[in-house]
Amino acid sequence: MSRGERGGRRGEAIRPHLLTAARVSQPCRSSPPDRLLSFDLIFSVFLSPLSLCTMVRVVSVLGLVMFSVALLILSLISYVSIKKDFIFTAPKYANPGGPRMYMFHAGFRSQLAMKFLDPAFTPLNNALNENLQENSSKWRFNKTAYLEQSKEIAQYIDVPHNFTLTKNSVRVGQLMHYDYSSHKYVFSIGENFRSLLPDSSPILNKRYNTCAVIGNSGILTGSRCGPTIDKYDFVFRCNFAPTEVFRRDVGRRTNLTTFNPSILEKYYNNLLTIQDRNNFFLSLKKLDRAILWIPAFFFHTSATVTRTLVDFFVEHRGQLRVQLAWPGNIMQYVNRYWKTKQLSPKRLSTGILMFTLASSLCEQIHLYGFWPFGWDPNTGKELPYHYYDKKGTKFTTKWQESHQLPTEFKLLFKMHTEGVLKLSLSHCT
């Protein structure tokens, strides 16, 4: 065989390899099999970039599987821990035949919320469920303990006189500071604002036998507690929460509701249109003679909204029966008291603030809708954050930025066991 022939055949032998190499050099791209490949060609393909891409895919899938298994194991460990240490999670407390998978996921979420988002919260034992669910009828009011706590609160806060500013307590041109903002921010008291202040505190020398403080937790959904709540002598509500559509669960009676100025932005578009103004007017009209407690001096960011609110009330003077209350810098006193109970969040919740005010007005205090977790203690099913949230709204943990709700709840439960207050978490009959 001549040198030329050998060179030609060698070229023919090399050419298929070059062709195959060209095919497989295109990353992660499938191509039809070449039936003419020899064993050494198949071996070279095995080591090609195509195979490497396939191996990467396999490794990725294996990694995902291993991560899923690890997550499942962590969930199981968490579930066992919840069943052992946490409240409301033993199967005997769920509805007979109820889906335990709800308990599983809810318990895992709660473990994260309580232990990781709020390290100060330590597990409570099953006595909580036994007291609130099975033995709620055995709860006894401890008048001595309640009066002792009310006396303690009164040492820090003169609630009747700090409940609202009055015409005699401020003057036009006086500069007000904010509880939770830098001292450099001020609000100048104008003639219109002062004209809206009451002559005296609407709760001065008032006393009520039974009071209900209604939180806005999703636990009230389906509770049928409305008729029970409406029987109390005085009902506190938080943040202008709606009642009409939800009256079966939360009742209709309202003697006092708080109104953060930001509500005007969130639900009434800052009263920018005639429709917005009509909607707000009708909402206020439903309150009749209730007290609208407006904490205008918590944050400087509410200054503009406060002025809008003042203009609206001046415009509709005499057309509404609602009683306006504008607290001054009351939070410095409230915070000082709760610090003695090892509760010092960035900001106290509105619920515990209302309980503090109620202590100077009421002979007994019952709490509804105070449950900061995303699962129902009665069924294990998911709950919305608020009872009035739209269906499908996910439970939020934004409160972690400012509040210590689990710690507050633990403190309230302690007071429940001592007979200072009654904490209601089960459905009403």
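The numbers here are math on the coordinates, done by the rules we state, and not lab data. Note that the structure is predicted; figures quoted are calculated from it, not measured. Positions of Cβ are generated from backbone atoms using ideal geometry, with glycine treated the same way; all protein chains shown enter the neighbour counts.
Quick check on my link table: of Lys391/Lys422; Lys138/Lys231; Lys151/Lys206; Lys346/Lys391, which ones sit more than 23 Å apart, alpha carbon to alpha carbon?
With Cα atoms farther than 23 Å apart: Lys391/Lys422; Lys346/Lys391.
Roughly how many nanometres apart are two label points built 7 Å out from the Cα toward the Cβ at Met66 and Glu191?
Reported label-point gap for Met66 and Glu191 is 7.7 nm.
What is the gain in length, in nm to one decimal, between Leu204 and Asn142 on full extension, counting 0.36 nm per residue of separation less the C-alpha to C-alpha distance?
Length gained, Leu204 through Asn142: 19.8 nm.
Cβ under 14 Å from Asn278's Cβ, Asn278 left aside: what net charge do those residues give with Lys, Arg +1 and Asp, Glu -1?
With Lys, Arg at +1 and Asp, Glu at -1, the net is +1.
Between Arg57 and Ala154, what is 0.36 nm times their sequence separation minus the Cα-Cα distance? Round to one decimal in nm.
28.1 nm
Averaging over all projection directions, find the projected area of the Cα convex hull of region 276-373 and quote it in nm² with one decimal place.
8.6 nm²
Using θ = phi - 60° and the Karplus form 6.51 cos²θ - 1.76 cosθ + 1.60, what ³J(HN,Hα) does each residue of region 189-202 get, whole Hz, x for Gly and Pro?
Along region 189-202, the couplings run 6, x, 4, 4, 4, 4, 5, 8, 6, x, 5, 8, 5, x Hz.
What are the residues whose amide H is under 5 Å from the amide H of Leu343, where those residues sit 5 or more places off or on another chain and H is modelled from the backbone?
Amide H neighbours of Leu343: none.
For region 168-202 and region 217-233, compute the distance between their C-alpha centroids and round to whole Å.
Taking the Cα centre of each part, region 168-202 and region 217-233 sit 36 Å apart.
Fully extended, how many nm does the chain gain between Ile73 and Lys285 (0.36 nm per residue separation, minus their Cα-Cα distance)?
70.8 nm
Sticking with the crude label model, points 7 Å out along Cα→Cβ, report the distance from Tyr333 to Arg171 in nm, one decimal please.
Simple spin-label model gives 2.2 nm for this pair.
Can you tell me the FRET efficiency between His316 and Lys391 if r is taken as the Cβ-Cβ distance and R0 is 25 Å, rounded to the nearest 0.05?
Rounded to the nearest 0.05, the efficiency is 0.15.
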